[in-house]
1. Are any residues in the stretch 12-57 within 16 Å of residue 95 (Cα to Cα) and aromatic (Phe, Trp, Tyr), and if so, which ones?
2. Restricting the search to the stretch 52-63, which residues are aromatic (Phe, Trp, Tyr) and surrounded by fewer than 13 Cβ atoms within 10 Å (Cβ to Cβ)?
3. May I ask you to list the residues in the stretch 64-82 that are closer than 12 Å to residue 102 by Cα and surrounded by fewer than 13 Cβ atoms within 10 Å (Cβ to Cβ)?
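A short reminder: the numbers here are calculations on the coordinates, not readings from a lab. Treat the numbers as computed from the prediction; the structure is a model and nothing was measured. Neighbour counts run over all protein chains shown; Cβ positions are idealised from the backbone, glycine included.
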Amino acid sequence: MPPKEYNVVVRGEDFILSDEQLNFDAPNYFTEYFGTTEATVVWLSRNRNPRLFQIIEDYLSGYDILPLPDSAGPSHMSRENISKNLLADARFYGLSRLVDKLDSANSPQPLSLPLVSGPMDVTPAVVPAIMVPPEYESWFTGSDSETKWRMKTVRLVSRLRP
């Protein structure tokens, strides 16, 4: 029996998937849809974004798609929106392993501060500063008691001598 050819049309663009690609992250939308037919050529048409589907096609081919390059996805979307929309499409297509990868890539990583070795000048004119990753900036802005507590903790930690 000849191998099946799965044609997925995404907003007018044709993508041809193999059995291996369909089963790479099974079960999923494709295995459910295409698994019910005996035909050797099967068509599916979706009104999703074809640039995002190119990334999904690469993932289904076994390629490592993360981190997303600046050139990935539609040119009218920011990289943040490409990540969010790719996650939405991965959920739409039921690609659970891809959803897990995207979720972990999009979640903030634990904050780690470097340890200071050696004497540290903590005179009022020279107070050590720390770099805070953008995803944690909200921790240190605002006037609520929790933010004040964090800032006080950072000041205390920055004044410790090894």
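1. Listed by number, the residues that qualify are 24, 29, 30, 33, 34, 53.
2. Of the residues in the stretch 52-63, the ones aromatic (Phe, Trp, Tyr) are 53, 59, 63.
63 - this is the single residue of the stretch 52-63 that is aromatic (Phe, Trp, Tyr) and surrounded by fewer than 13 Cβ atoms within 10 Å (Cβ to Cβ).
3. Taking the stretch 64-82 and keeping what is closer than 12 Å to residue 102 by Cα, we get 64-68, 80, 82.
Once the filter is applied, which keeps residues that are closer than 12 Å to residue 102 by Cα and surrounded by fewer than 13 Cβ atoms within 10 Å (Cβ to Cβ), the stretch 64-82 yields 64, 67, 80.
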